[in-house]
Amino acid sequence: MKIRLTPNKVIKFLILSDLTFWTGWGLISPIFAIFVVDKIAGGSAFVVGVASAVYWIVKSLLRIPIGIFLDTCPSERDDYFSLVVGLFIAALVPFGFVFAKVPLHIYILQGIHGFGLAMSLSGWTAIFTRHIDKGRESTEWGLDATSIGIGTGIAGAVGGWAVTKFGFTPVFIVVGVFGLIGVALLFGLRHEIKGVFDHKLLDHGLYFHFKDIFHRDRK
């Protein structure tokens, strides 16, 4: 049996975007607690715990409402916009860490991070599921998980070294740049997602989406 590991274009770009974005975050994930304790006024293990809780709770609470909204929208363009805008928001968070001084700043940034990823993951999973190659579902989900795991693993070691050598600020900037590259890669799908750059649809699409939703509710 011949096994082909090359996915279609949509899946390929989604995986590349995922790999780039999460590899960037892998640079700081292992040493984020050290940053909070050493560089944030009043930083402690408790602050780290609360920051983690804010991120996970915000992301988890918003995933279903955003998913329900996207499911009521008739076109895949909405999933794409949610993916791109959400990932862009999340990509800006590392730049915010550069200016964070007190625990409240960390909590706000973690909340923004959770919100951005709730948006992006809702759109990402919808598009990935819709375009996955039939009969290769496990393989392509595995390609995504494996690429993220390897990228994040290598980045963890590199990030620890980089912080020791250059400090936190340059590393946060690099993480943000990786995130923005991840967003830019999604523009490779601009011809694959119908209506993404159709100006008429952009001008009137949201109006019609809400009109359709309310019309269905009246029925």
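The values are calculated or read from the model by the stated rules, or taken from the named source; none is laboratory data. This one's a predicted model, so the numbers in the text were calculated from it and none came from an experiment. Because the Cβ atoms are built from the backbone with ideal geometry, glycine has one as well, and the counts that use them run over all protein chains shown.
Of the residues screened, A145 is one that is assigned to a helix (DSSP H, G or I), loosely packed, with under 13 Cβ neighbours inside 10 Å and within 18 Å of the chain's Cα centre (by Cα). Pairs meeting the criteria (first residue in the range 133-151 and under 15 Å from L16 (Cβ atoms), second residue among the charged types (D, E, K, R) and part of a loop (DSSP other than H, G, I, E, B), beta carbons under 9 Å, at least 6 apart or on different chains) are E140/D133.
Of all residues being among the β-branched types (V, I, T) and at pLDDT 95 or above in the range 49-65, which is nearest to the chain's Cα centre (by Cα)? Just the residue, please. The residue in question is V58. Scanning the range 25-54 for residues that are touching a residue at least 24 places away in the same chain (Cβ under 8 Å) and over 14 Å from F97 (Cα atoms) gives G26, P30, G42, V47, V50, S52, V54. With respect to F128, is the statement that it is part of a helix (DSSP H, G or I), surrounded by 14 or more Cβ atoms within 10 Å (Cβ to Cβ), modelled with pLDDT of 95 or more and of a type outside the set (A, V, I, L, M) true? Against the criterion (part of a helix (DSSP H, G or I), surrounded by 14 or more Cβ atoms within 10 Å (Cβ to Cβ), modelled with pLDDT of 95 or more and of a type outside the set (A, V, I, L, M)), F128 does not qualify. A single entry from L121, L117, L109, L83 fulfils the requirement of being without any contact (Cβ under 8 Å) to a residue 40 or more places away in the chain, part of a helix (DSSP H, G or I), buried (at least 19 other Cβ atoms within 10 Å of the Cβ) and touching a helix residue (DSSP H, G or I) at 6+ places or on another chain (Cβ under 9 Å): L109.
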